[in-house]
Amino acid sequence: MDFLRPASWEEALAAKAEHPTAVPIAGGTDVMVEINFDHRRPEYLLNLNRVGDLYEWEVGEDSVRLGASVPYTKIMENLRAELPGLALASHTVASPQIRNRGGVGGNLGTASPAGDAHPALLAAGAEVEAESVRGTRRIPIDAFYTGVKRNALAPDELIRAVHIKKADGPQQYSKVGTRNAMVIAVCAFGLALHPETRSVRTGIGSAAPTPVRAQAAEEFLNAALEEGGFWDNGKIITPSVAKQFAELCSAACNPIDDVRGTASYRRHAVGVMARRTLTWTWESYRGARNASEGAA
Amino acid sequence: MRVNFTVNGRPQEADDVWEGESLLYVLRERMGLPGSKNACEQGECGSCTVRLDGVPVCSCLVAAGQVQGREVVTVEGLAEYAKDRAEGGCASGACGTGGTTLDEAQRWQAKGADSQTGEGVELAPIQQAFIDAGAVQCGFCTPGLLVAADEMLERNPNPTDADIREALSGNLCRCTGYEKIMDAVRLAAARQSEGV
């Protein structure tokens with residue numbers, strides 16, 4: 001094994017071009033487990049800890065450019081207003097020790113269907129900034145996950161940052177597990193209201209071969225909200241609408257039975273989380289709306 | 001490969017380190033510092049918790065090569081670290097005469113401090129609180145808990161029970177002595193705020 005220690009992003013890209021099989025390591029919370037258990041013996045480890053850019057974030061007009069290695073702890077502490085869904089998701093990651101090391105770049109690189117960040121990224125809307133010596137490209141999050149632990153990265157590419165849309169409305173994140181810490185999601189659900197575009201986006205984790213959106217459910221809800229004038233009148237969402245939204249979210253799952261839960265439990269739980277997160281976010285939207293109207 | 005880094009405030013060098021080796025292995029097997037415990041090797045249990053540039057991490061999940069040029073504090077250096085901090089000095093010890101030598105760290109033992117007489121080895125307040133509250137049973141999880149709890153008290157001097165539980169949520173005690181551990185952290189926090 002060789003340990004590559006690039007001191008800059010350019011050096012990291014050059015190293016990855018020269019050794020496409022090199023395994024990038026930043027927080028190490030996935031990679032080191034595999035090495036400790038002898039499940040993986042990469043020829044090259046590409047240490048990204050010295051690339052300072054990866055630990056920085058910038059809040060722009062419409063989106064946040066989040067460096068790939070920004071630890072979850074920093075997201076929770078600094079980006080709760082801009083990225084509420086991701087901040088909530090970050091808080092469910094493992095333990096303080098793990099959140100101090102791990103970041104979204106690793107979640108994307110591993111591309112496990114159970115990665116905690118994915119549903120939040122799908123719901124908020126995001127693009128992955130991938131780069132190689134050949135150039136930079138932005139991969140829409142919907143096209144990023146290509147299979148179980150597979151992603152759209154080319155062998156010579158590294159993840160530099162994620163561009164995540166700043167919240168324009170309430171967001172929620174929910175995760176099922178046996179306790180509040182150190183849990184791999186049995187299943188997870190992210191939901192974001194986008195009042196500016198009058199749309200809703202979702203993200204489902206651990207209930208299909210890849211993280212997915214419940215697109216049929218989103219389309220149904222968008223139409224129902226529009227038809228009923230809900231965005232304007234701020235009424236409580238009709239229980240039948242919430243119920244059908246939940247059912248469509250369950251239907252978007254394609255889960256398996258495993259040690260953490262059965263497929264039918266996952267489908268059921270995703271439906272429950274969908275209904276709850278819709279209620280929570282909508283109540284918060286109504287509250288903000290009524291408050292601003294009251295002031296006016 | 002060779003790795004140079006600071007351990008408990010003193011520069012150290014590890015040679016012939018395997019590229020896939022963890023920081024935990026280097027500390028235990030190469031530095032002779034077995035205070036950080038090796039249990040799950042997958043970041044689940046927190047018994048290998050150390051501070052890396054001040055931040056609590058599982059040393060089993062840090063590749064040895066990643067600590068090149070960085071500062072690590074282990075449980076063996078915790079008493080000195082806490083003392084430096086209390087004196088308003090450079091807590092990492094890297095900037096002065098502070099810190100703990102490898103030899104001192106290897107010989108360090110958590111005994112002799114009589115809670116009645118206060119005699120013996122000087123302990124970090126959190127260590128003394130663990131002894132006084134009866135928070136040590138088999139002792140295997142204790143080093144990780146001490147490092148994690150000490151860091152929380154540094155950040156948050158007046159923690160609520162929820163704060164304590166959250167800060168220690170990455171540390172498992174299979175004796176399940178959590179109530180006494182909570183007592184110990186509350187005791188350390190109370191003593192800290194009273195300036196005892």
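No lab work stands behind these numbers, since they all come straight from the coordinates. Predicted model, so just to flag it, every value in this text is computed and none were measured. Every residue, glycine among them, receives a Cβ derived from its backbone with ideal geometry; neighbour counts consider all protein chains shown.
Considering all alpha-carbon pairs of the range A:1-122, what whole percent are spaced by more than 24 angstrom?
The calculated P(r) of the range A:1-122 puts 29 percent of pairs beyond 24 Å.
For an R0 of 41 angstrom, estimate the FRET efficiency from the Cβ-Cβ distance between A:Ser8 and A:Thr146 and round to the nearest 0.05.
Here the calculated transfer efficiency is 0.90.
Any chance you could give the angle, 0 to 90 degrees and rounded to 10, that helix A:215-227 forms with the longest Cα principal axis of chain A?
30
Under 5 Å between amide hydrogens, which residues at least 5 positions from A:Ser63 or on another chain qualify, with H placed 1.01 Å from N in the peptide plane?
A:Lys166
Need the list of aspartates and glutamates near B:Lys180 for cross-linking: C-alpha distance under 13 angstrom, and skip anything on the same chain fewer than eight residues off.
The reachable aspartates and glutamates, counting only those whose Cα sits under 13 Å from B:Lys180, are B:Asp132, B:Asp161.
Convex hull volume of the Cα atoms in the range B:121-196, per residue, in Å³?
83
To the nearest 0.05, how large is the calculated FRET efficiency for B:Ala86 and A:Ser240 if R₀ is 60 Å and r is the Cβ-Cβ distance?
Using R0 = 60 Å, I get an efficiency of 0.45.
Based on the Kirkwood radius over alpha-carbon pairs, what is the Stokes-Einstein translational diffusion coefficient of chain B at 37 °C with 0.692 mPa s viscosity, in µm²/s?
Taking Rh from Cα pairs, D becomes 196 µm²/s.
Which angle from 0 to 90°, rounded to the nearest 10, does the C-alpha axis of helix A:263-295 make with the longest principal axis of chain A?
It works out to around 70 degrees.
What are the ³J(HN,Hα) values, in whole Hz, obtained from phi via the Karplus relation 6.51 cos²θ - 1.76 cosθ + 1.60 with θ = phi - 60°, for each residue of the range A:245-256 in sequence order, with x given for Gly and Pro?
Per-residue couplings from phi come out as 4, 4, 5, 5, 5, 4, 5, 6, 7, 9, x, 10 Hz.
At 222 nm, what value in deg cm²/dmol follows for the protein assembly as shown if DSSP H runs of at least 4 each add -39500 (n - 2.57) and the sum is divided by all its residues, to the nearest 500?
-10500 deg cm²/dmol
Check which residues have an amide H placed less than 5 Å from A:Ala152's amide H, if you skip close sequence neighbours.
Hits under the 5 Å cutoff: A:Thr146.
Would you please give the residues with an amide H less than 5 Å from that of B:Val7, counting only those at least 5 places away or on a separate chain, with H modeled from the backbone geometry?
Those lying under 5 Å, H to H, from B:Val7 are B:Gln12, B:Val72.
What percent does the relative contact order of the range A:2-165 come to when contacts are Cα pairs within less than 8 Å and at least six residues apart?
It rounds to 25 percent for the range A:2-165.
Where is the GNM fluctuation largest for chain B (alpha-carbon springs, 10 angstrom cutoff): B:Gly88, B:Gly77, B:Gly139?
The residue with the greatest mean-square fluctuation here is B:Gly88.
Mind checking which aspartates and glutamates have their Cα closer than 20 Å to the Cα of A:Lys235? Skip sequence neighbours fewer than 8 apart in that chain.
Correct list for A:Lys235: A:Asp168, A:Glu196, A:Glu218, A:Glu219, A:Glu226, A:Glu227, A:Glu283, A:Glu293.
Could you work out how much longer the chain between B:Asp161 and B:Met182 gets when fully extended? Use 0.36 nm per residue separation minus the Cα distance between them, nm to one decimal.
Result for the pair: 6.8 nm of gain on full extension.
Whole-Hz ³J(HN,Hα) for each residue in the range A:24-41, computed from phi via Karplus 6.51 cos²θ - 1.76 cosθ + 1.60 with θ = phi - 60°, x for glycine and proline: what do you get?
Running phi through 6.51 cos²θ - 1.76 cosθ + 1.60 with θ = phi - 60° gives x, 10, 10, x, x, 6, 9, 4, 5, 4, 5, 6, 4, 9, 6, 7, 8, 10 Hz.
Within a 10 angstrom radius of the beta carbon, how do A:Ile35, A:Ile75, A:Ile204 rank from fewest other beta carbons to most?
A:Ile35, A:Ile75, A:Ile204
How would B:Cys138, A:Cys249 line up from fewest to most surrounding beta-carbon atoms within 10 angstrom?
Going from sparsest to densest Cβ surroundings: B:Cys138, A:Cys249.
How large is the convex hull of the C-alpha atoms of the range A:211-277 per residue, in Å³?
81
Using a simple spin-label model with points 7 Å from Cα along the Cα→Cβ vector, what separation in nm is obtained for A:Asn78 and B:Leu102?
It is 3.6 nm.
Counting Lys +1, Arg +1, Asp -1, Glu -1, what net charge surrounds A:Met1 among other residues with beta carbon under 9 Å of its beta carbon?
-2
Measure out, as a whole number of angstrom, how far apart the alpha-carbon centroids of the range B:21-40 and the range B:146-178 sit.
Here the two parts' Cα centres lie 22 Å apart.
Charges only on Cβ, +1 for Lys and Arg, -1 for Asp and Glu: so what's the dipole of the protein assembly as shown about the Cα centre, in debye to the nearest 20?
1220
One quarter of the convex hull surface, Cα atoms only: what value does that give for the protein assembly as shown in nm²?
Quarter of the Cα hull surface area: 25.1 nm².
So how do B:Arg85, A:Arg179 line up by other beta-carbon neighbours within 10 Å, fewest first?
Placing the least packed residue first, the sequence is A:Arg179, B:Arg85.
Measure up A:Lys175/B:Lys37; A:Lys16/A:Lys166; A:Lys175/A:Lys243; A:Lys16/A:Lys175; A:Lys16/B:Lys37; A:Lys149/B:Lys37 against 26 Å on the Cα-Cα distance and list the ones that go over.
As for pairs spanning more than 26 Å Cα to Cα, those are A:Lys175/B:Lys37; A:Lys16/A:Lys166; A:Lys16/A:Lys175; A:Lys16/B:Lys37; A:Lys149/B:Lys37.
So what is the relative contact order for the range A:177-295, in percent, with contacts set as C-alpha pairs under 8 Å and at least six apart?
26
So, how do all the Cα-to-Cα distances of the range A:177-295 break down into 5 Å bins, in percent, from 0 on up?
Here the calculated profile for the range A:177-295 is 2, 11, 21, 22, 16, 11, 8, 5, 2, 0, 0.
Per 0.36 nm of contour for each residue apart, how much would the distance between A:Arg134 and A:Ile184 grow if the chain were fully extended, relative to their Cα-Cα spacing?
Here the answer is 14.4 nm.
With the contact rule set at Cα under 8 Å and sequence spacing of 6 or more, what percent relative contact order holds for the range A:144-191?
Averaging sequence separation for qualifying contacts and normalising by length gives 25 percent for the range A:144-191.
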